1. If you count, for each residue, the other Cβ atoms within 10 Å and average over each peptide, how do 106-114, 84-92 line up from highest to lowest?
2. Shape verdict for region 86-151, please, from the Cα gyration tensor: rounded (a/c under 1.5), prolate (a/b greater than b/c) or oblate.
3. How many times 2.2 N^0.38 Å is the alpha carbon radius of gyration of region 145-192?
4. Please provide three numbers in whole Å: the alpha-carbon extents of region 105-202 along the principal axes, with the largest listed first.
5. What is region 88-176's relative contact order, in percent, from Cα pairs under 8 angstrom and six or more apart in sequence?
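Values quoted throughout were computed directly from the atomic coordinates according to the rules given, and no laboratory measurement underlies them. Not measured: the values here are computed from a predicted model. Here the Cβ positions follow ideal geometry from the backbone for every residue, glycine too, while neighbour counts run over all protein chains shown.
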């Protein structure tokens, strides 16, 4: 699977950049559900550097920062949203992990549907892959709650499952071995970039799937109330190994 030519990436990136807004953690009463039917696939187009938060966009030549073994969900000193990857579970070429989005801003943060994913090389170059709405095209072992409204208050989190396969059958193309995953939570929201442990090895499949966002229950972290800035660091659940 080859990378996008610079000209094509720039043209596609301009279209996606129009969906993004600057800033983060803004109060928004919209429900983002249009075009989020399960099973659909969308081209995973690159997003331009001008449309990203400069603190989260991977700079060319920058070294990968170490990721915590579990998401911290710690809003201390942060505004907007905090995006963190959970551990990557690998089994017979199938990869699965949980992405955590924590609302660290004021007001409410609304989600409804599937995140759009983009696989990036270490230098920030986008691979030409497809982001699938739903996990079933890749595996039936990961449950998808389907699109539904999710409203987060300060300190509350939402999760989405991310799955892909490391299968290489097309020797005419280079395998996709990304180091970063760019996540667009919903249309009109700023994209965030994380570096999953072990990277994103799609082989020649050209596909990566995500379940719909769901609100993380307080029981998963042992909290009865949303986390306050500076609160303790709860432990995220590790996704079980999918059966298929």
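1. Values: 106-114: 21.2, 84-92: 17.7.
Per-residue Cβ counts within 10 Å, averaged per peptide and sorted highest first, yield 106-114, 84-92.
2. Values: a/c = 1.81, a/b = 1.28, b/c = 1.41.
Oblate shape, in that a/c is at least 1.5 and b/c is the bigger or equal ratio.
3. On the way: Rg = 16.0 Å, N = 48, 2.2 N^0.38 = 9.6 Å.
That ratio works out to 1.67.
4. Ordered largest first, region 105-202 gives principal extents of 50, 32, 23 Å.
5. Numbers: 120 pairs, mean separation 38.7, N = 89.
Relative contact order comes out at 44 percent.
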